Amino acid sequence: MHYIVYLYRICIKFINRISMKVTAIINDKLVDKVISLSKGKNITEGIVIALEDYVYRKKIEKVIGSLDNKPVEFNEGFSAKFVREINRIARV
């Protein structure tokens, strides 16, 4: 059996778009897992949480991928000890 999901007022962070109505056919077990894992109150909230998490993870993968092409290079003389000292001074 599949859910026919009607999502109302999903807040998606796109320019000039506040919400979108979506109709989707999704396997019952998958929807139940999404709601359970996301701790969403209902189908809509569970799917929104899952989509936001998916986008967040893809952005992280993109950044990690860009580090493969151009690794981070530290300035000469950089050390963790120096940064800790600066942070300690800033807290005072």
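For V22, the residues whose modelled amide H falls within less than 5 Å of its own, excluding neighbours fewer than 5 places apart on the same chain, are L7.
List the GluC sites (Glu not before Pro) within the range 37-92 that DSSP assigns to loop and that have no more than 12 neighbouring Cβ atoms inside 10 Å.
The qualifying sites are E73, E76.
Just to confirm the filter: which trypsin sites (Lys or Arg not before Pro) across the range 41-90 are DSSP coil and have at most 16 other Cβ within 10 angstrom of their Cβ? Working shown, then result.
Details: sites: K41, R57, K58, K59, K62, K81, R84, R88; in loops: K41.
Those satisfying the criteria are K41.
Kirkwood radius for the range 12-92, taken over all pairs of different Cα atoms as the inverse mean of 1/r, rounds to 17.0 Å. Among residues other than V63 with Cβ under 14 Å from its Cβ, the summed charge is +3 (Lys and Arg +1, Asp and Glu -1). Applied to the range 26-38, the Karplus parametrisation 6.51 cos²θ - 1.76 cosθ + 1.60 on θ = phi - 60° returns per-residue 3J(HN,Hα) values of 10, 4, 3, 5, 5, 4, 4, 5, 4, 4, 5, 5, 7 Hz, with x for Gly and Pro. Positive contributions from Lys and Arg (+1) and negative ones from Asp and Glu (-1), summed over other residues with Cβ under 12 Å from the Cβ of I35, come out at +1.
Readers should treat all values here as calculations from the given coordinates under stated rules, not as data from a laboratory. Predicted model, so just to flag it, every value in this text is computed and none were measured. A quick note on method: Cβ atoms are made from the backbone with ideal geometry, for glycine too, and the neighbour counts reach across all protein chains shown.
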